[in-house]
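The numbers here are math on the coordinates, done by the rules we state, and not lab data. Computed from a predicted model, the values in this text were never measured in an experiment. Quick reminder, even Gly has a Cβ in these numbers, built from the backbone with ideal geometry, and neighbours come from all protein chains shown.
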Amino acid sequence: MFDIIADRLRQAEKIVFVTGAGISQESGIPTFRGKDGLWRKYDAMKLATIEAFYENPKLVWEWYEERRNNIMAAKPNAGHLAISELEKLKSVHVLTQNIDGLHQRAGSTQVYELHGSIITIKCTVCDFKDIITTSFSQLPPICKCGNILRPDVVWFGEPLPQDIWQDAMQQASSCDVMVVVGTSLAVSPANLLPVYAKQNGATLVEVNPEETLMSADMDLSIRSSAAKALPNLLAVFQR
């Protein structure tokens, strides 16, 4: 299987990786819906909404501060590093649902963050936006304009950043191989990305320890974790 996929990668002019929580879980970042997730006594799906934020901004910020601290302490794993290494050899673009910035820290340069970034903070009212990696002295943090700051992430019920989504669709629609890593693609509209790739005649590859809702649509599948499978795939590719 690795030989077949590596051959497709060699032939490809453009490779797109679509990544989800599974690849970051191997860096010690709990998955959003996982049983090992943070704040199990709260429903994360309900905390990650604009309604929850305005109802109790301190609670939501405490949750995000814990996630931010966990993410800042994490390091890219062998899966992230294999993708960045492949970029040195081929045209590689990463469309990620993750908000942790680990792809960039691993060295990938063409990264499209579909759901925003947890280390970028923006004002709920004015145009202020900045990358802040340190902890806040008070929660919720307040903007210079006097209004509450929030994480620059996409919450449930909010649209994706349209410029990023347009770029992601363009990349998906023009790739030769799409590798879907660590995501079940259960969330819309990200689950449309393989459809755009397939319409372009791309080969669809899935890297996931378990079958997903999209497995039947894949051309090739590797039932393994990203940190194990991607370095092995890179090694075969480089032979």
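Summary of values
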read-out: Loop-located GluC sites (Glu not before Pro) in segment 175-239 whose Cβ has at most 11 other Cβ within 10 Å (DSSP); value: 210
read-out: Taking 179, 154 and counting other C-beta atoms within 10 Å, the order from fewest to most; value: 154, 179
read-out: For peptides 78-89, 52-63, sequence by mean Cβ density within 10 Å, most packed first; value: 78-89, 52-63
read-out: Per-residue HN-Hα couplings for segment 101-106 [Karplus 6.51, -1.76, 1.60; θ = phi - 60°; Hz; x = Gly/Pro]; value: x, 5, 5, 5, 5, 7
read-out: Spin-label pair residue 45/residue 59, simplified geometry with 7 Å Cα→Cβ offset, distance in nm; value: 1.7 nm
read-out: Mean Cα-pair separation over length for the chain, i.e. relative contact order, pairs under 8 Å, 6 or more apart, %; value: 26 percent
read-out: 17 Å Cα-Cα reach of residue 14 towards lysines, excluding residues that sit fewer than 8 places from it in its own chain; value: 88, 90, 198
read-out: Extension reserve of the residue 90-residue 163 stretch, reckoned as 0.36 nm per residue once the Cα distance is removed; value: 23.8 nm
read-out: For a label point 7 Å along the Cα-to-beta-carbon line of residue 109, residues of segment 1-21 with backbone N under 16 Å; value: 15
read-out: Separation in nanometres of the label points that stand 7 Å from Cα toward Cβ, at residue 195 and residue 228; value: 3.3 nm
read-out: Efficiency of FRET between residue 142 and residue 69 - r from beta-carbon atoms, R0 30 angstrom, step 0.05; value: 0.90
read-out: Per-residue [θ]222 nm for the chain (sum of -39500 (n - 2.57) over DSSP H runs n ≥ 4, rounded to 500); value: -10500 deg cm²/dmol
